[in-house]
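Notes for the one structure printed next.
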There are 2 protein chains.
Amino acid sequence: MSNLNGNNVSASIAAEKLASSSGNNPLLRTCPQNPAVSCSSCRLADLCLPISLNQNEISQLDEIIERNRPLKKGEHLYRQRDPFRSVFAVRSGSFKSYVLNADGQSRVTGFYMPGEILGMDGIGKREHMNSVMALEHSSICEIPFTQLEKLSQQLPNLQSRFFSIMGNEITKDQEIHTLLSSYSAEERLASFLLSLSARYARCQLSPERFLLHMTRGDIGEYLGLTLETVSRVFSGLQKKGILRVKNREIEIVEMGTLKALVQ
Amino acid sequence: MSNLNGNNVSASIAAEKLASSSGNNPLLRTCPQNPAVSCSSCRLADLCLPISLNQNEISQLDEIIERNRPLKKGEHLYRQRDPFRSVFAVRSGSFKSYVLNADGQSRVTGFYMPGEILGMDGIGKREHMNSVMALEHSSICEIPFTQLEKLSQQLPNLQSRFFSIMGNEITKDQEIHTLLSSYSAEERLASFLLSLSARYARCQLSPERFLLHMTRGDIGEYLGLTLETVSRVFSGLQKKGILRVKNREIEIVEMGTLKALVQ
DNA sequence: CGTAGTGTTGAATTGAATCAAGTGTCGTGG
DNA sequence: CCACGACACTTGATTCAATTCAACACTACG
């Protein structure tokens with residue numbers, strides 16, 4: 001049995017749905033990294049920067065966006081202390097951001113999925129505070145920041161949208177603050193899974209069944225737990241019948257009970 | 001003996017220096033809450049929003065800023081779920097932001113000192129995610145956000161400045177994330193004191209001797225510790241000769257050793 | 001002067017970390 | 001296509017840092 005149900009979810013979940021659809025061109029559909037796909041035809045547009053821009057505004061944004069070559073698993077988008085030039089929108093795949101402390105240990109500061117914006121850790125000090133690594137084969141749109149600033153001067157909607165995106169990042173970080181300062185291991189992991197679930201749903205993927213592209217160690221570093229504790233809590237939630245866990249494949253069997261764990 | 005050295009630091013530290021000086025008007029000097037003090041004459045201007053604006057730009061900013069009545073200790077500036085209208089700059093005093101969870105427990109999400117910007121927790125969802133309470137008699141400048149957005153359209157420097165401020169907030173929140181996910185109680189408290197110390201220095205106050213305006217419980221809620229642990233760590237650091245602690249008065253005796261604790 | 005809020009300290013408890021051993025999985029190159 | 005090695009993961013036993021529970025002291029304020 002290769003997975004929870006005896007058929008291969010990995011392939012079906014991962015590949016198909018995240019492709020940026022490009023109208024009726026079937027070739028583009030199968031190639032989510034196609035650099036020709038514009039914001040206006042990108043199926044992630046309503047999760048991403050262009051939201052609340054009109055057609056004309058979107059095409060102006062389109063012009064400053066660079067669609068780079070895709071990154072392989074393990075490749076870095078940027079590293080700690082790199083000069084800040086751009087923010088990035090995830091087109092497909094996923095990323096982790098992390099910092100290395102003095103004795104070389106890493107701590108994961110975030111995970112990023114399609115439609116989410118990356119790189120705002122560099123805006124304050126004009127230097128990236130995190131490193132960002134692809135967790136799987138992934139592609140991104142690069143938005144040079146000085147050009148984004150210039151365009152925001154001309155498009156009030158874009159300025160407003162970017163203030164909102166940064167505001168949401170602040171809100172999200174403060175939620176993690178309270179999570180880490182008062183939740184138990186089980187509550188942290190439940191909350192983490194619910195966050196992933198909601199974000200998969202945003203991408204039109206199943207909120208009940210998905211793949212983790214990060215390791216138990218990554219999750220532990222993010223949640224302030226050891227990888228052993230993460231593993232034990234997964235086992236515990238499975239024993240209670242709330243989850244089914246098979247390696248990186250997660251099925252949330254009792255969504256309500258899981259939600260009740262974090263109130 | 002009323003404090004560490006037998007004289008009253010509380011009064012001298014707290015009152016005098018934080019006043020927004022107003023050139024050569026001695027009356028304004030003694031009244032930090034004077035609503036007439038403009039950005040251009042405010043001694044906090046170079047910590048605050050106006051930095052990198054020229055005289056003309058500052059006076060445009062000045063026009064949209066409302067200087068409200070001061071808040072007494074324990075009063076709220078805004079509460080969780082209040083509609084978002086403005087961000088605020090702390091003029092004098094200090095504030096804590098906090099959230100209440102389902103069972104009525106509070107968790108502190110931040111402390112704010114003169115020159116720092118407050119209220120960005122509302123930008124994303126147009127609704128405040130935190131409550132904010134004055135920790136002492138305090139005053140603020142209110143900056144209506146829609147007007148700030150409008151003015152940012154006209155003043156590229158202001159837009160850029162506000163992007164930076166929000167970027168720094170994100171960076172700060174991520175630093176707390178790594179603090180909470182991997183530091184011991186002692187490391188957390190050391191890091192907290194060093195942060196306060198640096199921020200007092202920014203306000204032209206002593207980085208070695210200052211007053212805590214928050215309770216041990218507030219600090220614990222912020223750092224993810226119980227108030228008993230906070231108290232024990234203070235005692236421990238005092239026993240090691242790194243600090244002198246007398247109620248809310250802190251003296252950092254060995255700054256180097258304290259810094260070494262967090263590497 | 002009394003009381004509520006704040007802070008300290010001790011003893012017992014506990015949740016998660018650490019240490020350790022072993023299994024499972026995946027990608028690579030022969 | 002299989003074997004190998006490197007990672008990734010699980011589970012158990014033990015330890016430990018911080019919490020919890022409890023008693024008491026201090027301070028500040030009406």
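Bear in mind that the values in this text are calculations on the coordinates, not laboratory data. Treat the numbers as computed from the prediction; the structure is a model and nothing was measured. Here the Cβ is made from the backbone with ideal geometry for all residues, glycine too, and neighbour counts use every protein chain on show.
Given the pairs B:LYS96/B:LYS172; A:LYS150/B:LYS125; A:LYS172/A:LYS240; A:LYS150/B:LYS172; B:LYS72/B:LYS172; A:LYS73/A:LYS96, which are separated by over 19 angstrom at their Cα positions? The answer is A:LYS150/B:LYS125; A:LYS172/A:LYS240; A:LYS150/B:LYS172; B:LYS72/B:LYS172. Near B:PRO50, once Lys and Arg are set to +1 and Asp and Glu to -1 for all other residues with Cβ below 12 Å from its Cβ, the sum equals -1. Stokes-Einstein, applied to the Kirkwood radius of chain A over Cα pairs at a viscosity of 1.567 mPa s and 4 °C, places its translational diffusion at 67 µm² s⁻¹. For the stretch A:12-179, the Cβ-based charge dipole about the Cα centre amounts to some 320 debye (Lys, Arg positive; Asp, Glu negative; other atoms uncharged).
Counting Lys and Arg as +1 and Asp and Glu as -1 over every other residue whose Cβ lies under 9 Å from the Cβ of B:ILE170, the net charge comes to -4. Using the rule -39500 (n - 2.57) for each DSSP H run of four or more residues, divided by the residues of chain B, the 222 nm mean residue ellipticity is -11500 deg cm²/dmol.
Using a cut-off of 12 Å between beta-carbons, work out the net charge of the residues near B:SER197 (Lys and Arg +1, Asp and Glu -1, B:SER197 not included). Around B:SER197, the surrounding residues sum to +2. Modelled label positions at B:LYS172 and A:GLN238, each set 7 Å beyond Cα in the direction of Cβ, lie 4.3 nm from each other. The separation of the stretch B:147-198 from the stretch A:56-122, counted between C-alpha centres, amounts to 19 Å. Between A:GLN147 and A:ARG202, the FRET efficiency from the beta-carbon distance, with R0 = 35 Å, is close to 0.85. Between this copy and the others, label points of A:PRO156 are 2.0 nm apart in ascending order, each placed 7 angstrom from Cα in the Cβ direction. The trypsin sites (Lys or Arg not before Pro) of the stretch A:91-170 that meet both conditions, a loop assignment by DSSP and at most 13 other Cβ atoms within 10 Å of the site Cβ, are A:ARG126.
For chain B, the longest principal axis of the C-alpha atoms and the axis of helix B:156-182 are separated by about 20°. Taking Cα pairs under 8 Å and at least six residues apart, what relative contact order does chain B come out at, in percent? Relative CO of chain B lands at 18 percent. Spacing of the modelled spin labels on A:ASN157 and A:THR226, each 7 Å from Cα toward Cβ, amounts to 5.3 nm. Measuring nothing but how far apart in sequence close Cα pairs (under 8 Å, 6+ apart) lie, relative to its length, the stretch A:87-178 scores a relative contact order of 32 percent.
A Stokes-Einstein calculation at 20 °C with viscosity 1.002 mPa s, built on the Kirkwood radius of the stretch B:107-263 over Cα pairs, returns a diffusion coefficient of 124 µm²/s.
Against the main long axis of the alpha-carbon atoms of chain A, helix A:185-202 sits at an angle near 40°. Sorting A:LYS72, B:LYS172 by the number of Cβ atoms found within 10 Å of their own Cβ, with the fewest placed first, yields A:LYS72, B:LYS172. Of A:ILE58, A:ILE117, A:ILE143, the residue with the greatest mean-square motion in the GNM of chain A, using alpha carbon springs below 10 Å, is A:ILE58. Here the average projected area of the convex hull drawn through the C-alpha atoms of the protein assembly as shown stands at 26.0 nm².
Each of A:GLU149, A:GLU66 was scored by other Cβ atoms within 10 Å of its Cβ. Listed from fewest to most, they are A:GLU66, A:GLU149. GNM remark for chain A: springs join alpha carbons under 10 Å apart, and the peak mean-square fluctuation among A:SER94, A:SER191, A:SER106 falls on A:SER106.
Ranked from shortest, the separations from the 7 Å Cα-to-Cβ label point of B:ARG232 to its equivalents in the other copies are 2.0 nm. I'm a student and want to see the number: the projected area of the Cα convex hull of the stretch B:171-263, averaged over all directions, in nm². It is 5.6 nm².
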